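No value in this document is a laboratory result; all are computed from the given coordinates. Quantities reported herein were computed from a predicted structural model and do not represent experimental measurements. Reconstructed Cβ throughout: ideal geometry from the backbone, glycine too, with neighbour counts over all protein chains shown.
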Amino acid sequence: MLVYLVDNTIDGQGASPRELRAVLGRLIPGLEILTEPFHSVSLERVRSLRPSHIILSGQSVPWDNYSRESLAGVFDVIKHASQPILGVCGGHQQIALAHGAEVGLMGRIEPGEGYEGAKRERGFHPIDNTGEGLFKGLPSTLTVWHNHCDEVKQLPNGFRATASNETCAIQAMQEKGRRVYGVQFHPELFNEDHPEGRRIVENFLAL
């Protein structure tokens with residue numbers, strides 16, 4: 001099994017790729033994980049590597065800081081790769097952007113540029129889910145770790161929402177007919193009091 005982990009941070013500014021890699025290694029000792037930066041990703045690269053799964057990491061700066069050209073290869077993979085794909089936080093938003101859906105700030109608390117002064121959902125918060133896909137075998141309400149200012153404003157065509165809460169209507173989504181999943185939260189950051197994130201990651205790796 002080879003997991004292809006797309007690092008969506010700019011110049012390594014953000015912990016998401018490292019945290020994902022660490023938990024994958026803990027869950028499956030000896031798991032082969034290849035991390036590459038978003039701007040190096042292409043469908044041809046994925047087809048040559050033939051990974052079993054693809055994970056899109058979070059990011060730590062607004063998507064306006066990314067050129068369309070630098071994201072073109074990842075967008076191509078999101079729309080055409082045959083492997084199961086999981087977008088985590090920013091990766092969830094990236095799936096929406098690849099399909100032309102709107103992504104933006106949840107709101108502003110005070111004036112500022114980028115994420116400065118923006119509303120942020122951070123910490124362990126409950127979500128309601130449909131029990132399908134990544135949530136198979138889990139309670140209909142569970143608590144997971146969040147850390148984001150942006151949200152997916154509308155479902156991309158061909159997707160359905162699979163989780164929500166009062167703060168963010170599209171906490172998770174799944175493409176119809178393909179194994180493409182996005183979660184606005186961070187399932188990799190679970191603990192003994194809130195262990196459900198682990199099951200979500202395991203459900204994805206079992207696809």
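I need the calculated FRET efficiency for the pair HIS80 and ASP193, taking r as the beta carbon distance and R₀ as 30 Å, to the nearest 0.05. It comes out at approximately 0.15.
Compute, for the chain, the length of the dipole vector about the Cα centre, with Cβ point charges of +1 (Lys, Arg) and -1 (Asp, Glu) only. Units Debye, rounded to 20.
Numbers: 20 positive and 25 negative charges, 136 e Å.
In total the dipole reaches around 660 debye.
Exposure proxy check: VAL144, VAL103 ranked by fewest other beta carbons within 10 Å? The partial results should precede the final answer.
On the way: VAL144 25, VAL103 19.
Least to most surrounded, the residues fall as VAL103, VAL144.
Which pairs, out of LYS79/LYS176; LYS79/LYS136; LYS136/LYS176, put more than 21 Å between their alpha-carbon atoms?
Values: LYS79/LYS176 12 Å; LYS79/LYS136 24 Å; LYS136/LYS176 16 Å.
LYS79/LYS136, as the Cα separations exceed 21 Å there.
Note that the stretch 21-29 has calculated 3J(HN,Hα) couplings of 4, 5, 6, 4, x, 6, 6, 10, x Hz, one per residue in order, obtained from phi through the Karplus relation 6.51 cos²θ - 1.76 cosθ + 1.60 (θ = phi - 60°); glycine and proline are x.
Distances between placed amide hydrogens fall under 5 Å for LYS153 paired with GLU102, VAL103, GLY104, all partners being 5 or more residues away or on another chain.
Taking semi-axes √(5λ) of the Cα gyration tensor in Å as calculated from this structure, the corresponding entry among (1) 25, 21, 16; (2) 23, 21, 17; (3) 31, 18, 16 is (2).
How many percent of DSSP beta bridges within the chain run antiparallel, rounded to 5? List each step's numbers first, then the result.
Values: 22 of 39 bridges.
About 55 percent, rounded to the nearest 5.
Computed from backbone phi with θ = phi - 60° and the Karplus coefficients 6.51, -1.76 and 1.60, the 3J(HN,Hα) list for the stretch 101-118 is 8, 7, 10, x, 4, 5, x, 10, 8, 8, x, x, 9, x, 7, 5, x, 7 Hz; x is used for glycine and proline. The helix-based estimate of mean residue ellipticity at 222 nm for the chain, built from -39,500 (n - 2.57) per DSSP H run of four or more residues and divided by its residue count, is -7500 deg cm²/dmol to the nearest 500.
A full extension of the chain between ALA169 and GLU202 corresponds to an added length of 9.5 nm, given 0.36 nm per residue minus the alpha carbon distance. With a/c under 1.5 counting as rounded, go ahead and sort the stretch 118-207 into rounded, prolate or oblate using the C-alpha gyration tensor (a ≥ b ≥ c being the square roots of the eigenvalues; past the cut-off, prolate if a/b is larger than b/c, else oblate). Here the stretch 118-207 falls in the oblate category.
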